[in-house]
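Notes follow once the structure below has been shown.
Throughout, read-outs are computed from the coordinates displayed, never taken from laboratory work. Source: prediction; values computed, not measured. All Cβ positions, glycine included, derive from the backbone under ideal geometry; neighbour counts span all protein chains shown.
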Amino acid sequence: MKKTTFLASLVFMSAAYGYEAQVSKGTLPATMDAMIEKVNVETSLRFSINDFIKVEDLQLATSRFEMYVQAHQGVPVSKTAVRIWSDKSTQELILAELHISEEDKKNEKLLAQKFSKARFTSAAIKSKSLARSVSKLITEEIARHKTDSKILGMKSKDVWVKGDLVREVEVRSRRGLHIITISLLKNKVTEKSYTEFPQSESFHNLKANVYPIYEEVEATGEKLPYEVKVLKYINASLADVGESPLAEMASLKFPEELYNPILSEIDNSFWSETSLRKTIEGLVKKFPLRSNDLGSGMLLQGKYVTINLHPAASKFTGINFDLKPSVNHIVGWFETNGFYEAKPISGLYGKLITSEDDLLHRIPVRLIDHDAVSYINSGVDEVQVYYGVTVLMEALGEMGFEDPELSTKPFHAFLYDPDISMKDNAYYYDNTINFTTYSPTQTNLARDNPTIWHELGHGVMDRLMGPHLGFEGARGGYGGLSEGMADFIADIVVEHQTSGAKFPGKEDFRINNNTGFYLTNEYHDDGEAYGGAMGDMLDDAIAVHGREGLYDFADLTLEAMRLTRNHPALSPKGWYEHMLYADSLGSEVRTPGQFKSIIEEALKRRNFGFSDSFKPGSMTVHFEKGELTSSSPGSRDNPIVSCGTDEIVTHNLKLDLKAGEADFIKFPATVKVEFKKGALQGAIKWLGEEANPTIYTVASEGDILDIPLSAHLECETINQPDGSCKDYAYLQIFNQGSLRPVAKKRFYLKLNKAECIK
Ligand SMILES: [Zn+2]
């Protein structure tokens, strides 16, 4: 076998070097002198030992190896070498191979002239100023590359190439290697090439049917086509975990009273989701590896995501493959005698892939009833989630998410949580992205990339902004800012994937809104303003800098996330200040201050000012219990419970609008009171809702608008576990001619006729 390879390589030797020769065993002494003599005889040139530099002299197991390179003025001639293998004890020649440039030797006088004319000396060629001018040429050249323009490392060597003194520079970028040749005599780029790194052999790539965006447009129900795409980075090997992978965890206790995210960092008698996860990751490393290949059935376990079925999915009947416990876990809580304790619970591995053809036969079909068992058996959702997560991680990686570990470890996806109370949901929690089951009229969120990207947006925030991040005024991290940012990260990925191309439903994304700051009273709506402002910035960045603008602004966003890591109480203002700070620092891809005016202008257009004296536009709603705020009576978590008179509940709202310093609300302003079309609306029967929405006009600032609201005590539908209905009137302010509201507040009632009659 070895011999065949060796012979083949001889055949492929080209004549590009000018003179080539192979000297076989015993035919000449194993000395450089003997080789030079041979070359001189055969070329009629007069080489001497001074034309060569000795590069290596190495004892190998079976021979001594010497290598020389042809050189002029101390600069090697490209692709030349004399390599001599000799017997370690007898010094007899085993093999010599010669690659010599005749041309360079013939022109040696000319080369010497060129060299001195350019005022090169051995010292000058190593000088800083030459290095600087070369590095400038290189930076400019790399910056022009469309997909891989970040310099991660650089090395160079000077060589003679066909009579030209060149510096060959090898630049390592994120995804590949640039090789750029600069003529030192002409001070310009003479050759360049780019090679993408080979995919690590520890991954498999397979083609599959996936939705580039989603299966179904939420607002219209329109179905979009799937396409064949590559599932990348499927692990070639997996931990061989057996039947109960987390058995070793059974002896460890995670009681509620010892839960402490901060103390668990320094004292291992405490625990947190993070410390629990680390313990399990340590455990997994101890398992032997097994191959994850098509022959034995491949699982969708990859570099960026592992696909699991929810542990409770085992209670579905009719699953047509064996459910095996996976090494990935979710945290479950258990109560014993009033004490709560957490336990990691293994997910279940999904459907095995036996061939690429098998995968390509997984055809996405939208079932009318979203039957979970049929979906599980088809394996389609597994594929789609795998694809969605991988796309996000790869895209963000390209745009600067390259933090060690944080950018490379997988998220764990859990599909088909059968809990009915979780229906129609997707959520992120502790490094996992979770899917449930879906109602016939809802979209299957496992086939909806923007939803996947939003949830993973929370995941990326969790990783970069840290486990100890707190949002101002929000408990549990569920703040408007968090939602707005997750929308924004999804938006970045949508832009990365579509380059601004329109697709059905895109206009309805929550991030496309005109909602201003300080003009809402619950976090979903607050988040619109925060995310919307960032969406505007991104649009502006792309308008100015094109696709580069997307990359640069994503780079800025990621840096601002790092710079807010573990902030104890991050406010929207604090976040935007950190964006400006990250901008002022600049980066390898951004110049300092590149986005300052874009950020400031976008915020100004959202009724926001950094200065303490800034007077924003305002929307104030008063009623008999005072002002309506995010926590007052009438707010989401504090709805007004009343019985009214004669089965009619009545409240009179008074609305006061102010334009503010930025002239954000413009007069005359249109006020719409929406009863039906808002999220989760419809449980209460409002008087006059047939003519939905009710429309008013506020002619000028200072006019107080009366909004009488009346509802039937009897529910239209019951939507609360206690037999009541909770619903809201959605007050929305529109500027003239605008299609989207600039301000919106919700006024909640909770009605329970049965309770009132008692
Ligand atoms: Zn969210």
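Let me check I have the definition right: for the chain, take the eigenvalues of the Cα gyration tensor, multiply each by 5, take square roots. What are those semi-axes in whole Å, largest first? Each step should come with its number before you reach the end.
Details: eigenvalues 837, 232, 97 Å².
That gives 65, 34, 22 Å for the three semi-axes.
Rounded to whole numbers, the Karplus 3J(HN,Hα) couplings from phi for the range 374-382 are 4, 5, 4, 5, 6, x, 5, 5, 4 Hz, using 6.51 cos²θ - 1.76 cosθ + 1.60 with θ = phi - 60°, and x at Gly and Pro. Each Cα pair under 8 Å and six or more residues apart adds its separation to the average, and for the range 466-613 the resulting relative contact order is 29 percent.
When both the range 241-293 and the range 524-554 are represented by their alpha-carbon centers, they are found 39 Å apart.
Extension gain, Ser632-Tyr696: 0.36 nm per intervening residue step, less the Cα-Cα distance, totals 20.6 nm.
Note: relative contact order over the range 16-102, using C-alpha pairs below 8 Å and six or more positions apart, is 38 percent.
In terms of packing, defined here as the mean over residues of other Cβ atoms within 10 angstrom, the peptides 182-189, 22-29 line up highest first as 182-189, 22-29. Using C-alpha pairs below 8 Å separated by at least 6 residues, the relative contact order for the chain is 7 percent. Take every DSSP beta bridge whose two residues both sit in the chain, then give the antiparallel share in percent to the nearest 5. Beta bridges within the chain, antiparallel portion: roughly 90 percent.
Backbone amide hydrogens, once placed in the peptide plane, bring Tyr340 within less than 5 Å of Glu256, excluding anything fewer than 5 places away on its chain. One decimal place: the segment Asp419-Ser738 gains 110.7 nm when fully extended, by the rule 0.36 nm per residue minus the C-alpha distance. Among Tyr349, Tyr429, a tally of other beta-carbon atoms within 10 Å of each Cβ gives an order, fewest to most, of Tyr429, Tyr349. Here the peptides 371-380, 509-518 are ranked by packing, the mean other Cβ count within 10 Å, and the order with the highest first is 509-518, 371-380.
Working ranking of peptides 740-751, 59-70 by packing, defined as the average number of other Cβ atoms within 10 Å per residue, highest first, is 740-751, 59-70. As a rough footprinting exposure proxy, the listed residues Asp369, Asp148, Asp526 were ranked by other beta carbons within 10 Å of their own, and the order from fewest upward is Asp369, Asp148, Asp526. Other residues lying with their Cβ under 10 Å from the Cβ of Thr31 contribute a combined charge of -3, Lys and Arg counting +1, Asp and Glu -1. In this structure the amide hydrogen of Thr306, modeled in the peptide plane, comes within under 5 Å of the amide hydrogens of Phe411, His412, Ala413, none closer than 5 places in sequence on its chain. Taken about its Cα centre, the chain carries a charge dipole of about 2980 debye when Lys and Arg each add +1 at the Cβ and Asp and Glu each add -1 at the Cβ.
Scalar couplings 3J(HN,Hα) for the range 137-142, obtained by applying the Karplus form with A = 6.51, B = -1.76, C = 1.60 to θ = phi - 60°, are 4, 5, 4, 5, 5, 5 Hz; x denotes Gly and Pro.
Backbone geometry of the range 618-631 corresponds, through the Karplus equation with coefficients 6.51, -1.76 and 1.60 at θ = phi - 60°, to 3J(HN,Hα) couplings of 9, 10, 10, 10, 10, 8, 5, 9, x, 8, 7, 10, 6, 10 Hz, x marking Gly and Pro.
What the Cβ-Cβ distance of Glu577 and Arg290 gives, at R0 = 56 Å and to the nearest 0.05, is a FRET efficiency of 0.65. Ellipticity at 222 nm from helices only: DSSP H runs of n ≥ 4 in the chain, each -39500 (n - 2.57), divided by the residue count, give -8500 deg cm²/dmol. Rounded to the nearest 0.05, what FRET efficiency is calculated for Thr62 and Arg547 with R0 set to 56 Å and r the Cβ-Cβ distance? E(calc), rounded to 0.05, equals 0.55.
Cβ-to-Cβ counts within 10 Å put Ile718, Ile142 in ascending order as Ile718, Ile142, the fewest first. Extending 7 Å from the Cα toward the beta-carbon at both Lys654 and Lys753 defines two label points whose distance is 3.3 nm. Full extension of the chain between Leu563 and Asn50 yields a length gain of 179.0 nm, computed as 0.36 nm times the residue separation minus the alpha carbon distance. Projecting label points 7 angstrom from Cα along Cα→Cβ for Thr43 and Glu256 puts them 8.4 nm apart.
Restriction of the GluC sites (Glu not before Pro) in the range 156-252 to DSSP coil positions whose beta-carbon has at most 16 other beta-carbons within 10 angstrom yields Glu201, Glu218, Glu222, Glu243. Projecting label points 7 angstrom from Cα along Cα→Cβ for Thr31 and Val365 puts them 8.3 nm apart. Count Lys and Arg as plus one, Asp and Glu as minus one, and take only other residues whose Cβ is under 10 Å from that of Leu185; the net charge is then +3. According to the square roots a ≥ b ≥ c of the eigenvalues of the Cα gyration tensor, what is the shape class of the range 499-574, taking rounded for a/c under 1.5, prolate for a/b larger than b/c otherwise, and oblate for the remainder? Judged from the Cα gyration tensor, the range 499-574 comes out oblate (a/c at least 1.5, b/c at or above a/b). Report the paramagnetic label zone for Ser710: residues of the range 657-696 whose backbone N is under 11 Å from a point 7 Å from Cα along the Cα-to-Cβ axis. Of the residues in the range 657-696, 687-688 have backbone N under 11 Å from the label point off Ser710. Between the listed residues Ser421, Thr408, Ser482, the Cα displaced farthest toward the positive end of the dipole of the range 358-485, a dipole computed from Cβ unit charges relative to the Cα centre, is found at Ser421.
For an R0 of 45 angstrom, estimate the FRET efficiency from the Cβ-Cβ distance between Glu647 and Tyr429 and round to the nearest 0.05.
For Glu647 and Tyr429, the calculated efficiency is 0.60.
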